[in-house]
Amino acid sequence: MSIAPTVLDRIQRVTQAPKVALHEPTFGGNELKYVTECIQTGWVSSVGEYVNRFERELAAYTGAAHAVVVSNGTSGLQVTLELVGVRRDDEVLVPALSFVATANAVRHCGAWPHFVDSDVCTLGIDVAKLEAYLRDIAEQRNDGCYNRRTGRRIAAVVPMHTFGHPVDMPALVELAERHRLEIVEDAAESLGSWIGDRHTGTFGRCAMLSFNGNKIVTTGGGGAIITNDGALAKRAKHVTTTAKQPHPWAFFHDEVAYNFRMPNLNAAMGCAQLERIGQFLEAKRLLASRYVDAFRDVPEVSMFLERPGTQANYWLQTLLLAPEVAAQRDEILATTNAAGQMTRPVWELLYTLPMYSSCERMATPVADDLAQRVVNLPSSPQLMPGVV
Ligand SMILES: Cc1ncc(COP(=O)(O)O)c(C=O)c1O
């Protein structure tokens, strides 16, 4: 029997609206005031007080010593990978279940993604499985960890905190130390997600955040690099701002670098959004509990919830279909979207995309299974109007 009508009914009970997007930004705070100020003062472009302020406030919020804002998360991830030493023809371990940008950033460095399976408890990299896999395929040489099969160096691992649910970072940090791998966290989706009292993105050497239009805090488009490593932060600022040496009037650039700057206009929006992150998080948590209640009498599905000891930001609300109804996923998606309730499947697994189909990978049965069973539900904070 089809469960699509039931799923639609339960979503409608929660959203209480005829047409609902997957995730819309909320602008009810100081966004207009700060952006208007940029326009009135002329400080709209790549330097300005809001850029400095957004960097300070992101560092304070995440507890990272430094934040460097950039044009988007993808460019931030590319730069951080380069800065931790990823070189052309290295391999970088990335989850098969991720947005395409995670692998693209690796390729932008000239390196190769090497795909890893997921943990059904976190939706992120399965650390125990990765440990067993590396014992099998990798060996230590003088300058690091090598893939015996390809002869390439495995330089780094990129955990991604899927929909705001933290990867088991303490275990991954230990693994990375044992195998001499750098960790760069793809925290694009996890601003406001914590493991104990540590923010995601502060476990590895550095991390990237995204402020794309669909993220919990948006700058329209934008990203940030966060790190506790002062030297790395300084390099990140330098190479993302054309490597110009500071001088009142001379244009001296000391290396080939990027223009990956975040304009002041966008940073102004980011400052206003960050002022309200507490409300956004509260709304999303409440929304998750409303979905839990709504689906309580539907045994074929369950909401994916935070693990004990972690606090997820519930960026995208995630419904898991039981294996016996996984074949109904597309019918559920078609029924809900046709009725104006926007739902989405998870991304196509990265190794199935044409440009990544010949990359190295471990067997990924869990990611393969999750890819058939995940349905993201309407997740905007404004669905809880009493809170935002
Ligand atoms: C997991 C993940 N990685 C990377 C990115 C890329 O960020 P951006 O769109 O800011 O380049 C996103 C989101 O867009 C993402 O969800």
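By DSSP, what percent of the beta bridges with both residues in the stretch 92-156 are antiparallel, rounded to the nearest 5? Don't skip to the answer; put the middle values down first.
Numbers: 7 of 12 bridges.
Among the beta bridges of the stretch 92-156, antiparallel pairing accounts for roughly 60 percent.
Give me the percent of DSSP beta bridges within the stretch 31-274 that run antiparallel, rounded to the nearest 5.
Values: 22 of 36 bridges.
Given both bridge residues lie in the stretch 31-274, the antiparallel proportion sits at roughly 60 percent.
Along each principal axis of its Cα atoms, how long is the stretch 1-102 end to end? Whole angstroms, biggest number first, please.
Extents along the principal axes: 55, 48, 25 Å.
Can you tell me the length gained on complete extension of the stretch L305 to T352, counting 0.36 nm per residue apart and subtracting the Cα distance? All intermediate terms of the calculation are to be shown ahead of the outcome.
Working: separation 47, 0.36 × 47 = 16.92 nm, distance 2.75 nm.
Full extension of this stretch gives 14.2 nm more.
Please check which bits of the stretch 1-30 a label hung off E331 would reach, taking the label as a point 7 Å along Cα-to-C-beta and the cut-off as backbone N under 13 Å.
1-8
When the gyration tensor of the stretch 83-217 is built from Cα positions, what are the square roots of 5 times its three eigenvalues, in whole Å, from largest to smallest?
Details: eigenvalues 112, 53, 33 Å².
Computed over the stretch 83-217, the values are 24, 16, 13 Å.
Would you look at the GNM of the chain, springs on alpha carbons closer than 10 Å, and say which of S45, S71, S190 moves the most?
S45
Return the single residue from P365, P345, P95 with maximal mean-square fluctuation; model: Gaussian network over the chain, springs between Cα atoms under 10 Å.
With Cα springs under 10 Å in the chain, the top fluctuation among P365, P345, P95 is at P365.
Summarise the accessible area of the stretch 203-244 (1.4 Å probe, protein heavy atoms) by the percent that is carbon and sulfur. It would help to have the intermediate numbers written out before the result.
Values: 650 of 1200 Å².
Of the solvent-accessible surface of the stretch 203-244, carbon and sulfur hold 54 percent.
Sort out for me the Cα centre separation of the stretch 335-388 from the stretch 1-71, rounded to whole Å.
Cα centroid to Cα centroid, the span is 20 Å.
Just the number, please: carbon plus sulfur as a percent of the accessible area of the stretch 292-388, 1.4 Å probe, no ligands or DNA/RNA counted. Spell out each step's value before the answer.
Details: 2260 of 4140 Å².
Here carbon and sulfur together make up 55 percent of the probe-accessible area.
How long is the gain from V256 to N228 if the chain were fully straight, where each residue apart is worth 0.36 nm and the alpha carbon distance is subtracted? Show your work: numbers first, answer last.
On the way: separation 28, 0.36 × 28 = 10.08 nm, distance 2.50 nm.
Difference between extended and current length: 7.6 nm.
If you average the sequence gap of Cα pairs under 8 Å that are 6 or more apart and divide by the length of the stretch 222-296, what percent do you get for the contact order?
On the way: 42 pairs, mean separation 15.5, N = 75.
Reported relative contact order: 21 percent.
Output the DSSP H helices from the chain with an along-axis C-alpha extent of no less than 18 Å and a mean Kyte-Doolittle hydropathy no less than 0.0. List each step's numbers first, then the result.
Details: long enough: 49-62 (20 Å, -0.85); 277-294 (25 Å, 0.13).
Helix filter hits for the chain: 277-294.
For the stretch 206-315, count the residues as N, evaluate 2.2 N^0.38 Å, and divide the Cα radius of gyration by that value, please.
Working: Rg = 20.0 Å, N = 110, 2.2 N^0.38 = 13.1 Å.
The stretch 206-315 yields a ratio of 1.52.
Roughly speaking, what is the centre-to-centre gap between the stretch 199-269 and the stretch 122-175 when only Cα atoms are used, to the nearest Å?
A separation of 26 Å, based on Cα centres.
Once all Cα-Cα distances of the stretch 31-274 are split into 10 Å bins that start at 0, what whole-number percent is in each one?
8, 32, 34, 18, 6, 1, 0
P(r) for the stretch 38-153, please, calculated from all Cα pair distances in 10 Å bins and given in %.
12, 30, 32, 17, 7, 2, 0
For the stretch 329-388, max minus min Cα coordinate along each principal axis, in Å, sorted largest first?
Answer, in whole Å and largest first: 48, 26, 21 Å.
Non-local amide H neighbours of I154 (under 5 Å, H modeled in plane, Pro and chain starts lacking H): which ones?
E91, C145, Y146, N147
Once you charge only the Cβ atoms, +1 for Lys and Arg and -1 for Asp and Glu, what is the size of the charge dipole of the chain about its Cα centre, to the nearest 20 debye? Let's see the in-between values first.
Values: 36 positive and 42 negative charges, 119 e Å.
The calculation lands at about 580 debye.
Considering the chain as a Gaussian network with a 10 Å cut-off on Cα pairs, which listed residue, I125, I195, I216, attains the greatest mean-square fluctuation?
The residue that fluctuates most here is I195.
If you roll a 1.4 Å probe over the heavy atoms of the protein chains, what accessible area per residue do you get for the stretch 290-330, in Å²? The partial results should precede the final answer.
Values: 1910 Å² over 41 residues.
With all protein chains present, the stretch 290-330 gives 47 Å² per residue.
Normalised by the residues of the stretch 31-274, what does the relative contact order come to in percent, with Cα pairs under 8 Å and at least six apart?
Details: 549 pairs, mean separation 67.5, N = 244.
Rounded, it is 28 percent for the stretch 31-274.
What whole-number value in Å² describes the accessible area per residue of the stretch 19-170 for a 1.4 Å probe? Working shown, then result.
Details: 5970 Å² over 152 residues.
For the stretch 19-170, the per-residue accessible area is 39 Å².
The values are calculated or read from the model by the stated rules, or taken from the named source; none is laboratory data. In this text the structure is predicted, and so the values were computed from the model without any measurement. With ideal geometry, Cβ positions are generated from the backbone for all residues, glycine too; neighbour counts draw on all protein chains shown. Ligands, DNA and RNA are stripped out before the accessible areas are found, and what is left, the full protein with its side chains, is counted by its heavy atoms. Shrake-Rupley method; radii C 1.70, N 1.55, O 1.52, S 1.80 Å.
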